[in-house]
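Before any comments, here is the structure.
Read-outs throughout are calculated quantities, based only on the coordinates presented, and are distinct from any laboratory measurement. Only a predicted model underlies this, so the values are computations on that prediction, with no experimental measurement involved. Cβ placement follows ideal geometry from the backbone for every residue including glycine, while neighbour counts extend to all protein chains displayed.
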Amino acid sequence: MTNLPMNKLIDEVNNELSVAINKSVMDTQLEESMLYSLNAGGKRIRPVLLLLTLDSLNTEYELGMKSAIALEMIHTYSLIHDDLPAMDNDDYRRGKLTNHKVYGEWTAILAGDALLTKAFELISSDDRLTDEVK
């Protein structure tokens, strides 16, 4: 087990999240909306715990990076949908306007759905995971 600094892991997760969304050539408002919520702040505790768990099991933590960012995408999807008018109707999350307040309700719904779909795409395309693990 190594002594991984959390800040290093958080930076790696943030970089991988940006790469995962910015890979698209569409450059749409939907992607902007997805990145808006992904970059709204947060401690990234879920992906960091996954990576630290792998490290504590003497597994290269990098092997879990796609799963870690997928986990953060699923969490962000749940927050976007939770803030919608049909649910909690929140105006602010982490001190910033919620996704639906900035991009509109329809775009926020689609951004959440796209994050969930992208998360499953990342996991299903990860060649380092066995079919059983996927």
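For GluC sites (Glu not before Pro), the sites in the stretch 41-134 that DSSP calls loop and that have at most 16 other Cβ atoms within 10 Å are E60, E132.
Computed from point charges on the beta carbon alone (+1 for Lys and Arg, -1 for Asp and Glu), the dipole magnitude for the chain about its Cα centre is near 340 Debye.
Close lysine pairs were tallied over the chain: pairs 8 or more places apart or on different chains with Cα atoms under 22 Å apart number 10.
Pairs of alpha-carbon atoms within less than 8 angstrom and 6+ residues apart define the contacts here; what relative contact order does the chain have, in percent? About 26 percent, as a whole number. Which entry in (1) 1.09; (2) 1.23; (3) 1.04 matches Cα Rg over 2.2 N^0.38 Å derived from the coordinates of this structure? Read-out from the structure maps to (1).
By how many degrees, 0 to 90 and rounded to 10, does the Cα axis of helix 6-22 deviate from the longest principal axis of the chain? Tilt of helix 6-22: around 60 degrees.
The loop-placed trypsin sites (Lys or Arg not before Pro) in the stretch 1-107, going by DSSP, that have at most 16 neighbouring Cβ atoms within 10 Å of their Cβ come out as K23, K43, R94.
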